[in-house]
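Here is the structure we will look at, set down as structure tokens.
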Amino acid sequence: MNFPRPKRPRRLLLAPAALTALAALVPGALAAAPTELPSPEQGLNILVVGLDTRRGVTEAEKERYRLGGKECDCTDVMMLVHVSAENDRVDVVGLPRDSLTAFPADHHDRRTGKVHAAHPAKINGAWAEGGSPFAVEIVESMTGLDVHRYLEIDFRRFMDTVDKVDGGVPVCTAEPLNDPATGIDLQPGTKRVGGGEALQYVRSRKADGQMDFGRIRKQQQFVVNTLEGLRDGILYDPEQLKAFAATLRGTAAAERGISTAELLTLAARLRDLPPDRTEFATVPVRDFNPTVAGVGSTIAWNEEGAAEVFGRLREDRPLPAAGDVAPSAISAATYRPAKGSSLICP
């Protein structure tokens with residue numbers, strides 16, 4: 001499947017892109033990383049991914065936070081962040097991990113060295129087969145957008161970064177959230193969580209009937225509330241901010257990986273962006289596909305709706321409203337953009 005090629009005035013509320021911007025204060029960018037953040041005429045696109053890997057996670061943590069299952073060594077989270085050319089708007093589009101795509105012929109499997117023929121696959125398998133370069137390539141082919149920069153975060157780094165936030169990060173739910181798969185158990189209301197419980201929360205997809213679509217919304221809400229929690233503390237304490245950012249950024253090299261110098265530039269560009277100038281959505285989805293041999297259960301994008309979403313970003317225009325895109329046959333997947341200000345926990 002291919003488509004045409006957040007006070008309060010000083011709130012920094014940029015979802016995953018703002019989190020990466022915080023890392024700008026960390027010294028020592030990778031030598032191979034880019035050194036100047038581009039300013040494309042139609043806006044800047046950053047691909048942010050969360051890796052399902054247990055590297056660095058202790059056995060005690062695996063038991064406590066239900067992390068003992070087999071890791072997929074894939075991108076369990078994929079968010080495409082668009083920063084407008086005027087730096088006055090940020091749009092974040094979640095790409096469900098089970099989205100059906102087609103990998104092109106003659107790509108190398110980094111795990112085995114084998115050269116593959118073209119084959120159907122889930123989008124989250126691109127990183128597993130070809131690492132960050134292939135993940136970027138597949139996202140570009142599916143969206144028709146250029147990916148200018150990239151950031152990846154694994155389980156270990158996620159937990160350690162959240163634990164840098166004094167008092168934890170607020171999460172909120174209107175209904176009880178009890179997911180035996182991840183171990184999360186929340187009563188209605190707002191609760192502050194540390195790194196391990198935060199990971200349980202953002203991984204939860206079996207407790208509310210919303211599947212991966214509900215999980216994407218949890219992840220987007222968590223990012224917003226993390227930044228809200230930083231605003232009155234770490235964000236304006238240089239030493240704490242450096243420690244937080246260093247933990248988040250890590251040291252991994254990646255295709256078009258965003259450098260610390262670029263992150264500092266991005267933070268300066270978006271310093272005063274209010275939360276109502278950020279918007280979060282999931283790519284429009286049509287329905288589940290028939291089971292694909294060798295791939296399993298997948299979802300099909302609403303090609304017309306997805307083309308409209310990515311076409312607008314390509315033209316540096318705001319996301320279409322919910323009513324402008326046909327509803328999904330999967331009720332939980334119906335396209336519903338949300339302002340960042342609406343995701344802040346009470």
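What about residue 34, is it at pLDDT 95 or above, part of a loop (DSSP other than H, G, I, E, B) and surrounded by 13 or more Cβ atoms within 10 Å (Cβ to Cβ)?
Working: at pLDDT 95 or above: no; part of a loop (DSSP other than H, G, I, E, B): yes; surrounded by 13 or more Cβ atoms within 10 Å (Cβ to Cβ): yes.
No, not satisfied.
Filter segment 107-128 down to residues that are hydrophobic (A, V, I, L, M, F, W, C) and surrounded by 15 or more Cβ atoms within 10 Å (Cβ to Cβ) and give me whichever is farthest from the chain's Cα centre (by Cα). Talk me through it step by step, then tell me what you get.
If we filter segment 107-128 for residues that are hydrophobic (A, V, I, L, M, F, W, C), which is where we start, we get 115, 117-118, 121, 123, 126-128.
Narrowing further to those that are surrounded by 15 or more Cβ atoms within 10 Å (Cβ to Cβ): 121, 123, 126-128.
On the way: 121: 20, 123: 14, 126: 15, 127: 14, 128: 17 Å.
Looking at residues that are hydrophobic (A, V, I, L, M, F, W, C) and surrounded by 15 or more Cβ atoms within 10 Å (Cβ to Cβ), I get 121.
Give just the number: which of (1) part of a helix (DSSP H, G or I); (2) over 30 Å from residue 272 (Cα atoms) does residue 105 not satisfy?
Going through the list (1) part of a helix (DSSP H, G or I); (2) over 30 Å from residue 272 (Cα atoms), residue 105 breaks only (1).
Sort out which residues of segment 265-277 are surrounded by 14 or more Cβ atoms within 10 Å (Cβ to Cβ) and small (Gly, Ala, Ser), and write them in order of number.
267
Considering segment 59-98 alone, what residues qualify as being of a type in the set (S, T, N, Q) and part of a loop (DSSP other than H, G, I, E, B)? First the steps, then the outcome.
Taking segment 59-98 first, the residues of a type in the set (S, T, N, Q) are 75, 84, 87.
Within segment 59-98, 84, 87 qualify.
Would you check if residue 346 is surrounded by fewer than 14 Cβ atoms within 10 Å (Cβ to Cβ) and touching a Gly at 6+ places or on another chain (Cβ under 9 Å)?
On the way: surrounded by fewer than 14 Cβ atoms within 10 Å (Cβ to Cβ): yes; touching a Gly at 6+ places or on another chain (Cβ under 9 Å): yes.
It is true that residue 346 is surrounded by fewer than 14 Cβ atoms within 10 Å (Cβ to Cβ) and touching a Gly at 6+ places or on another chain (Cβ under 9 Å).
Test residue 280 against the stated conditions and say whether it is in contact with a strand residue (DSSP E or B) (Cβ under 9 Å, 6 or more places away or on another chain), crowded, with 21+ Cβ neighbours inside 10 Å and among the aromatic types (Phe, Trp, Tyr).
On the way: in contact with a strand residue (DSSP E or B) (Cβ under 9 Å, 6 or more places away or on another chain): yes; crowded, with 21+ Cβ neighbours inside 10 Å: yes; among the aromatic types (Phe, Trp, Tyr): yes.
Spelling it out, residue 280 is indeed in contact with a strand residue (DSSP E or B) (Cβ under 9 Å, 6 or more places away or on another chain), crowded, with 21+ Cβ neighbours inside 10 Å and among the aromatic types (Phe, Trp, Tyr).
What strands (runs of 3 or more DSSP E), lying completely within segment 258-338, carry at least 1 residues that are touching a Gly at 6+ places or on another chain (Cβ under 9 Å)?
On the way: elements: 278-282, 285-288, 299-301.
Counting at least 1 such residues, we get 278-282, 285-288.
Taking residue 56 as the residue in question, decide whether it is in a loop (DSSP other than H, G, I, E, B), in contact with a helix residue (DSSP H, G or I) (Cβ under 9 Å, 6 or more places away or on another chain) and surrounded by fewer than 13 Cβ atoms within 10 Å (Cβ to Cβ). Outline the logic, then answer.
Working: in a loop (DSSP other than H, G, I, E, B): yes; in contact with a helix residue (DSSP H, G or I) (Cβ under 9 Å, 6 or more places away or on another chain): yes; surrounded by fewer than 13 Cβ atoms within 10 Å (Cβ to Cβ): yes.
Spelling it out, residue 56 is indeed in a loop (DSSP other than H, G, I, E, B), in contact with a helix residue (DSSP H, G or I) (Cβ under 9 Å, 6 or more places away or on another chain) and surrounded by fewer than 13 Cβ atoms within 10 Å (Cβ to Cβ).
Looking at residue 149, is it of a type in the set (Lys, Arg), surrounded by 19 or more Cβ atoms within 10 Å (Cβ to Cβ) and over 26 Å from residue 69 (Cβ atoms)? Reasoning before the result, please.
Working: of a type in the set (Lys, Arg): yes; surrounded by 19 or more Cβ atoms within 10 Å (Cβ to Cβ): yes; over 26 Å from residue 69 (Cβ atoms): yes.
Taking the combined requirement at face value, the residue satisfies it.
Taking the condition modelled with pLDDT under 90, small (Gly, Ala, Ser) and at negative phi, does residue 259 pass? Spell out the reasoning first.
Values: modelled with pLDDT under 90: yes; small (Gly, Ala, Ser): yes; at negative phi: yes.
Taking the combined requirement at face value, the residue satisfies it.
The values are calculated or read from the model by the stated rules, or taken from the named source; none is laboratory data. None of the values given here were measured: they were computed from a predicted structure. Quick reminder, even Gly has a Cβ in these numbers, built from the backbone with ideal geometry, and neighbours come from all protein chains shown.
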